[in-house]
Amino acid sequence: MISSNSKVILEVRNLSASVAGIEILKGINLTVRSGEVHAIMGPNGSGKSTFSKVLAGHPGYTVTGGEVLFEGQNLLELPPEERARNGVFLAFQYPIEIPGVSNSAFLRLTYNTQQAHRGGEELDPLEFNDFIQEKCKIVEMDPSFLDRSVNEGFSGGEKKRNEILQMAVLDPRLAILDETDSGLDIDALRIVASGVNKLMTPDNAVIMVTHYQRLLNYITPDFVHVMRRGRIIKTGGKELALELETRGYDWVDDEHQSAADAHGRASAAGPEHAGAEADAHGSASAAGAGRAGAASV
């Protein structure tokens with residue numbers, strides 16, 4: 001939900017990051033405001049999941065440049081657990097199993113940790129049981145799953161529902177959903193998407209990483225960004241996802257390369273031409289781009 005009065009939750013400026021010495025992110029710019037849903041799309045290997053993990057603080061990735069502000073605070077200075085306590089939530093593409101740890105105990109511990117950080121009231125097991133029963137309804141989850149070990153023996157769809165159940169318990173300010181639609185059948189996709197929609201408020205925001213339009217049939221994005229080779233090269237509204245579904249990604253790459261080539265030729269011709277081309281390129285990039293991503297070219 002785009003609103004002129006909404007607050008900036010996330011500000012990413014020229015973010016670069018590498019893994020095992022290989023640069024993956026090469027200058028990401030993105031602004032996310034409260035109430036907004038951003039979809040990040042792109043072919044395999046474009047850096048989408050890396051971006052998600054860097055925001056969450058995955059220790060396997062090294063930030064090599066840029067900055068990330070979360071509600072005005074330097075996110076990159078915080079360890080992963082502090083980012084989570086402050087309201088950053090990552091739903092994994094492949095949720096892990098934790099044998100021997102009951103789902104209910106895990107959820108109560110995470111909830112109470114969050115409450116302690118926020119100065120809220122912690123819940124004892126009986127109180128939490130009433131609380132979690134209501135949350136289970138959001139993702140149509142059978143409460144019997146609470147007594148099982150975290151994700152152990154869950155189907156792919158049940159694991160994804162459990163991820164959204166965690167989101168419902170933690171009430172994050174920024175939820176990052178890394179290919180939540182991966183491995184879901186039609187019914188599970190509808191239930192998971194419905195859960196996300198129920199959890200959206202004017203005070204929080206969602207970043208969805210996805211390959212397919214089908215998830216966006218249920219969760220309407222305010223902005224759609226195309227990532228390629230570690231950069232956001234195009235931003236548009238929800239209609240961009242439909243165009244990608246029809247035309248694929250190559251045309252976006254060609255469009256971006258043509259604009260970059262024109263800018264390079266103008267730069268070689270002199271400052272006056274370069275300025276004019278930069279203005280034209282900026283205007284083209286901004287068309288339909290909202291306020292996010294266009295500066296990354």
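Rounded, prolate or oblate: which one fits the range 145-270, using the alpha carbon gyration tensor with axes a ≥ b ≥ c (rounded when a/c is under 1.5, else prolate when a/b beats b/c, else oblate)?
Taking the square roots of the gyration eigenvalues as a ≥ b ≥ c, the range 145-270 is prolate.
Please calculate how many Å² of accessible area the range 139-197 carries per residue, with a 1.4 Å probe and no DNA, RNA or ligand atoms counted.
Spelled out: the 1.4 Å probe surface of the range 139-197, per residue, equals 33 Å².
Please identify every one of the trypsin sites (Lys or Arg not before Pro) in the range 50-137 that sits in a loop by DSSP and has no more than 13 other beta carbons within 10 Å of its own beta carbon.
Loop-located and lightly packed - none at all.
Out of the chymotrypsin sites (Phe, Trp or Tyr not before Pro) in the range 195-265, which ones are loop residues according to DSSP with at most 11 other C-beta atoms within 10 Å?
Answer by residue number: there is no such site.
Give me the net charge of V37's neighbourhood, meaning all other residues with Cβ under 13 Å from the Cβ of V37; Lys, Arg count +1, Asp, Glu -1.
0
What does the net charge come to around Q166 if you take all other residues with beta carbon closer than 12 Å to its beta carbon, with K and R at +1 and D and E at -1?
So the environment of Q166 carries a net charge of +3.
Go through K26/K238; K53/K160; K26/K53; K48/K234 and tell me which ones have a Cα-Cα distance over 22 Å in this structure.
Flagged as over cut-off: K26/K238.
Would you mind counting up the charge near D124? Only other residues with Cβ under 14 Å from its Cβ, with Lys and Arg at +1 and Asp and Glu at -1.
-3
Can you pull out the GluC sites (Glu not before Pro) in the range 81-132 that DSSP calls coil and that have at most 16 other Cβ atoms within 10 Å?
E97, E121, E122
From the alpha carbon gyration tensor of the range 1-132, can you work out the equivalent ellipsoid semi-axes (sqrt of 5 times each eigenvalue) and give them in Å, largest to smallest?
Ellipsoid semi-axes (Å, largest first): 29, 20, 14.
Taking the 0 to 90 degree range and rounding to the nearest ten, how far is the long axis of helix 250-269 tilted relative to the main principal axis of the chain, both from C-alpha atoms?
Result, in degrees: 40.
Quick one: compute a quarter of the convex hull surface over the Cα atoms of the range 29-80 and quote it in nm².
4.3
Subtracting the Cα-Cα distance from 0.36 nm times the residue separation, let me have the gained length for H211 to K137 in nm, one decimal.
That works out to 23.9 nm of additional length.
So which lysines pass the test for K159, namely a Cα distance under 16 Å, with those fewer than 8 places away in the same chain ruled out?
Counting by Cα, and skipping residues close in sequence, K159 has these lysines nearby: K135, K137.
Tell me, how many Å apart are the Cα centres for the range 166-234 and for the range 14-60?
Between the Cα centres of the range 166-234 and the range 14-60 lies a distance of 15 Å.
Over all directions, what mean area does the Cα convex hull of the range 75-203 project, stated in square nanometres?
8.0
Quick one: angle between helix 125-138 and the longest Cα principal axis of the chain, in degrees between 0 and 90, rounded to 10, please.
Helix 125-138 sits roughly 50 degrees off the main axis of the chain.
Using only the alpha-carbon atoms, how far is helix 271-286 inclined from the longest principal axis of the chain? Give it as 0 to 90 degrees, nearest 10.
Roughly 30 degrees, rounded to the nearest 10.
List the extent of the Cα atoms of the chain along each of their three principal axes, largest first, rounded to whole Å.
Reported extents, whole Å, longest axis first: 73, 41, 39.
Give the accessible surface of the range 13-55 per residue, rounded to a whole number of Å², with probe radius 1.4 Å and ligands, DNA and RNA excluded.
On a per-residue basis, the range 13-55 sits at 30 Å².
The values are calculated or read from the model by the stated rules, or taken from the named source; none is laboratory data. The model shown is predicted, which means the values in this text are computed figures rather than measured ones. Positions of Cβ are generated from backbone atoms using ideal geometry, with glycine treated the same way; all protein chains shown enter the neighbour counts. These accessible areas exclude ligands, DNA and RNA; they are computed on the full protein's heavy atoms, side chains included. Shrake-Rupley method; radii C 1.70, N 1.55, O 1.52, S 1.80 Å.
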